[in-house]
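The values are calculated or read from the model by the stated rules, or taken from the named source; none is laboratory data. What you see is a predicted model; the values in this text were computed from it and never measured. Here the Cβ positions follow ideal geometry from the backbone for every residue, glycine too, while neighbour counts run over all protein chains shown. Keep in mind that these areas ignore ligands, DNA and RNA; they rest on the heavy atoms of the full protein, side chains included. Shrake-Rupley method; radii C 1.70, N 1.55, O 1.52, S 1.80 Å.
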Amino acid sequence: MMDRRKALKNMGLALGYTVATPTLISIVQSCKKDAAIVWTPDFLSSGEGSVLTHLVDIILPKTDTPSASEVQVHIFIDRFADQVMEKEQQDLFKMTMEKFMDKALQDSGEKDIADLKPEHLEPILATALKVSKEDQVKNFKVINAYTEAVKTGQEATLDDEVSRFAFGNNLRGLAILGYKSSEFVGENVLPYLPVPGEYLSLIHI
């Protein structure tokens, strides 16, 4: 069984966000506050929120420590997307998630994303993340070219397979960030620092 404590300490994040610590703390605290009520996503639709909840628990299932959704990682990611991501990042997240869900609907035969279950999503996620180092480098170059084109107002498209890779990779990094940032994990799994450095920088590794 994976030693989650060791994995969380050692795993790098291949994201492109720079987050002010007060913002991160505010999001974490708001997630904990709203954990006891019925969650309504701020950025995603309710159906997308259901898919997100399943996916974070696939990435970080319950073991000797809580699952991702038990420490509100799904809420964290939705609010991170809403409050931290720039418009281009939001659009990329939405677009790649839609292509991921389209594949899940196609393979499962389901008609509505709200009907997608973990068993429908796990194979798509596994395929998206099971990429050779060489193909990862190629995919990131394509993704970076796409995002640069979008920023400069050029027309750009992203291949469906690369889109699913982009979504899976981004989601995994955000899930780990949300999990590590949660109060429970910080206090009980990782060394907890209530007031970390002024900024937490997440850059491509």
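Okay, here's what the table says:
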item: ³J(HN,Hα), Karplus 6.51/-1.76/1.60, whole Hz, each residue of region 38-50, x for Gly, Pro; result: 5, 7, 10, x, 8, 9, 8, 6, 5, x, 5, x, 5
item: Region 128-179: C-alpha gyration tensor shape, a/c 1.5 cut-off, then a/b vs b/c; result: oblate
item: Region 52-93: trypsin sites (Lys or Arg not before Pro) in DSSP loop, at most 15 other beta carbons within 10 Å; result: Lys62
item: Amide H contacts under 5 Å for Ser67, placed H, 5+ residues apart; result: Lys62
item: Linear extension gain, Ala145 paired with Asp107, 0.36 nm per residue minus alpha-carbon span; result: 10.8 nm
item: Extension gain from Thr157 to Asp64, taking 0.36 nm per residue of separation minus the Cα-Cα distance; result: 29.3 nm
item: From phi via Karplus (6.51, -1.76, 1.60), per-residue ³J(HN,Hα) for region 167-175 in Hz, x at Gly/Pro; result: 5, x, 5, 4, 5, 4, x, 5, 5
item: Area accessible to solvent at Val38, 1.4 Å probe radius, in Å²; result: 130
item: Probe 1.4 Å, all protein chains present, accessible-area order of Phe167, Phe43, largest first; result: Phe43, Phe167
item: In sequence order, calculated HN-Hα J values of region 148-161 (Karplus, 6.51, -1.76, 1.60; Hz; x Gly/Pro); result: 5, 5, 4, 4, 8, x, 8, 6, 8, 10, 10, 3, 4, 5
